[in-house]
Amino acid sequence: MSSLRMAERKARLSSWRPLHGVLFALSLVAPLGITLGLGGGDALKAVTHFPLGVLALMLALAVLCWNLNAARLRLMLDGRAGHLGQRGALTIEMASKFALCATPGGSGGPATLLLLLAQRGLSPAKGAGVFLVDQGCDLLFFMGMLTGLTLFSLFTEVTWPHQDLVQLALAGLALIAASLSVMILSLPWLLRRDPPPGMAKLAPRRRRWLARRLLSCRAALRTTLRLPTTTLLAMLLLTAAHWLLRYSLLYLAVLGAGGHADWVWSFLTQTLAMAASQLSILPGGAGAVEVGVGALLLPLMEREQAGVAVLVWRLVTYHFYLAAGAPFFLLTAYRVIRPSR
């Protein structure tokens, strides 16, 4: 029976690999197609006139963002994965980012992070707890920013296109955060009751194994949250700095394309577009991201300018991430495979 299951699993993997290659190729050319759709051939010609100084600044900010995330990872681990310098943390960050951008739904990112932490002696359950803290910091930042920006729009004369979408996004993020918090807090109580629907079909031994992993993840999460207040504040500051810089890239792309848009609207545009990217089956949310950003920029600038801004922005935030992260991913993959030979 086990050999039959292994054969079925290998068959599914072998059928998935060519499909993944096709999806990955489509994700690479999606920005070019969207640019043609928005501004036509004139948009592609205008890309050649994009200021090199602005492009260099965007690339430098992307590199700075990677280092900020690496520093945050070091703070979150607090020595639990052995001595981790900035170079080692940056390697983990870049390899994880490559896997995130190269897989549909970003599913490869967390898996790569947990694998690399496990290589340093941190169990997958504890690594999942660290990952939850990482996601929690991001969620807190976006909830705070969206709340502040929504209140700002309500009590001032500033109006933005699609303002209802901003309020809907805020409500969705608040609901997600509340649901996750309740689930984590009540996890022991939930596990003591009848098996949840997702676990009911598992064998008792498998359910106990999964319950232990979930409780270990919760314990690791609590351990991280018990770090000194100064450390937690530093993590939040690094999170805020990363996202403020990361979400300034579209604003710079708009300026380089000759358009004019408020920085705040460019921030909201990326937030909503990244949420829409979850609907795309292509790696990196390709297609949905470009369409979302382009549609939200069109009310404020010419189609040609919007097409140039979208293309340059994606080249920096997606293709550059892939190109820079690939060597780190291949290096870590070699280190994982090498001992088995």
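The values are calculated or read from the model by the stated rules, or taken from the named source; none is laboratory data. Source: prediction; values computed, not measured. Reconstructed Cβ throughout: ideal geometry from the backbone, glycine too, with neighbour counts over all protein chains shown.
Overview of values
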item	result
Pair list, Cβ < 8 Å and 6+ apart or interchain, from region 311-333 residues that are in contact (Cβ under 8 Å) with a residue 12 or more places away in the chain and within 14 Å of GLU93 (Cβ to Cβ) to residues that are crowded, with 19+ Cβ neighbours inside 10 Å and among the charged types (D, E, K, R)	TYR321/LYS97; GLY325/LYS97
ALA70 assigned to a helix (DSSP H, G or I), at pLDDT 90 or above and out of contact with any Cys (no Cβ under 8 Å at 6 or more places or on another chain)	yes
Only listed residue being surrounded by fewer than 21 Cβ atoms within 10 Å (Cβ to Cβ) and at pLDDT below 85, chosen from VAL54, VAL22	VAL22
Extreme residue, surrounded by the fewest Cβ atoms within 10 Å (Cβ to Cβ), among residues of region 304-341 that are modelled with pLDDT under 85 and basic (Lys, Arg)	ARG341
Hey, LEU300 surrounded by fewer than 19 Cβ atoms within 10 Å (Cβ to Cβ), over 23 Å from the mean Cα position of the chain (by Cα) and over 22 Å from PHE152 (Cβ atoms) or not	no
Neighbours by Cβ (under 9 Å, 6+ apart or cross-chain): first from region 266-291, on the phi > 0 side of the Ramachandran plot; second charged (D, E, K, R) and part of a helix (DSSP H, G or I)	GLY284/ARG314
Count of residues meeting criterion [under 16 Å from LEU28 (Cβ atoms) and among the hydroxyl-bearing types (Ser, Thr, Tyr)] in region 94-116	1
Count of region 237-254 residues which are part of a helix (DSSP H, G or I) and more than 13 Å from the chain's Cα centre (by Cα)	12
Among residues of region 103-141, those that are aromatic (Phe, Trp, Tyr) and within 24 Å of ALA288 (Cα to Cα), counted	1
Residue among ALA261, ALA286, ALA220, ALA257 that is more than 21 Å from the chain's Cα centre (by Cα), buried (at least 20 other Cβ atoms within 10 Å of the Cβ) and modelled with pLDDT under 80	ALA220
